[in-house]
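Report on the structure given below.
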Amino acid sequence: MIKINFVEPTTDDWNTWKETCNKKKEALLLLVERGEEWEIDNVYKAMKDVYYAKCCGKCIYCEKKIEKPYQSEIEHYRPKKRVTFRDDTPVKKNGAEHQGYYWLAYDWDNLLLSCQVCNKPNNDEENKLGKRNRFPVEDNYYATSPGEETNEKPLLINPTKEDPRDYIEYNPDNGYIDAIKNNNKGSISIEIFGLNIRDDLVDGRKEAYDKVNALFAKLPYVKGVGRQEVLDKLEEIKSGMHPHAIAAFAAIEEYKKDVLPVLG
Ligand SMILES: [Zn+2]
């Protein structure tokens, strides 16, 4: 996970889609107010390509490359229709199950691009991989109506709202992700997305880390165009567009003192 600066698009398509979302949100709020049955429409496919591009084709949580947009998931950071605790048991208030953050179901700002493993349940019940409807918060204070969420303190990292590297860091010794000073938000995020029990992620991070080290090792021995190519590659990596950038950034940090002044 790294920070993703998701700037809202200004295209006509986006604005039209947002208008549709706003209308659906208004209609939904009215149904809830009247105590009538309500459903949430899947309006998300229409903008999947946009989210895919903004996230550089990576899962926002595990940073794994998602080959094609259709293989990705539009994930609700605050779950839209049901909410469960860290252990996936239902959140209840006054005996009734939390009905989800329905008022944020159509908010573009609550949507994130993820891979299927990070979003959905799977057969690994022992490790309970995937976010599902889980949304742990501090002190179990859960918002149940619009606006209350400003008082919530989520225990899952939201990479569009905060820098994950304030909570987690790459461990070059084993390719794992560690929670900085064992903070809860970092530990819970690592657990829910299975960041250290998925071998492909561990291998991918090691590869990203090694790649940066190889480029820095090459730098003193190349001149002219060759040197520029290495510098360009490093600049590209610094942009965070590649998978497992958290590991690449860690390698860059290690070189920062000695070599980065050269990069400018
Ligand atoms: Zn993922």
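So which residues in segment 118-144 are of a type outside the set (A, V, I, L, M) and within 16 Å of the ligand (Cβ to nearest atom), if there are any at all?
Once the filter is applied, which keeps residues that are of a type outside the set (A, V, I, L, M) and within 16 Å of the ligand (Cβ to nearest atom), segment 118-144 yields Cys118, Asn119, Lys120, Pro121, Asn122, Asp124, Asn127, Lys128, Gly130, Lys131, Arg132, Arg134.
Keeping to segment 36-77, report how many residues are in contact (Cβ under 8 Å) with a residue 12 or more places away in the chain, open to solvent by 40 Å² or more (accessible area, probe 1.4 Å), part of a loop (DSSP other than H, G, I, E, B) and of a type in the set (D, E, K, R).
2
Among what's in segment 185-224 and is more than 20 Å from Ile237 (Cβ to Cβ) and of a type in the set (Lys, Arg), pick the residue that is surrounded by the most Cβ atoms within 10 Å (Cβ to Cβ).
Lys185
Only one residue in Glu149, Glu169, Glu207 is more than 22 Å from Phe85 (Cα to Cα), in contact (Cβ under 8 Å) with a residue 60 or more places away in the chain and acidic (Asp, Glu). Which one?
On inspection, the qualifying residue turns out to be Glu169.
Tell me, please, whether a residue that is assigned to a loop (DSSP other than H, G, I, E, B) and within 15 Å of the ligand (Cβ to nearest atom) can be found in segment 80-88.
no
Within 16 Å of the ligand (Cβ to nearest atom), farther than 13 Å from Phe85 by Cβ and not hydrophobic (A, V, I, L, M, F, W, C), is that true of Gly186?
Judged against the criteria, Gly186 is not a match.
Run down Ile192, Ile180 and say which single residue is within 16 Å of the ligand (Cβ to nearest atom) and aliphatic (A, V, I, L, M).
Going through Ile192, Ile180 in turn, just one is within 16 Å of the ligand (Cβ to nearest atom) and aliphatic (A, V, I, L, M): Ile192.
What number of residues in segment 160-182 are open to solvent by less than 40 Å² (accessible area, probe 1.4 Å) and either among the polar types (S, T, N, Q) or assigned by TED's automatic domain parsing to the domain that holds Leu104 (or both)?
2
What about Asn122, is it assigned by TED's automatic domain parsing to the domain that holds Glu33 and loosely packed, with under 15 Cβ neighbours inside 10 Å?
yes
Name the residues in segment 90-117 that are at pLDDT below 95 and within 14 Å of the ligand (Cβ to nearest atom), would you?
Hits for segment 90-117 are Gln116, Val117.
The values are calculated or read from the model by the stated rules, or taken from the named source; none is laboratory data. In this text the structure is predicted, and so the values were computed from the model without any measurement. No Cβ is skipped: glycine too gets one built from the backbone with ideal geometry, and neighbour counts run over all protein chains shown. Keep in mind that these areas ignore ligands, DNA and RNA; they rest on the heavy atoms of the full protein, side chains included. Shrake-Rupley method; radii C 1.70, N 1.55, O 1.52, S 1.80 Å.
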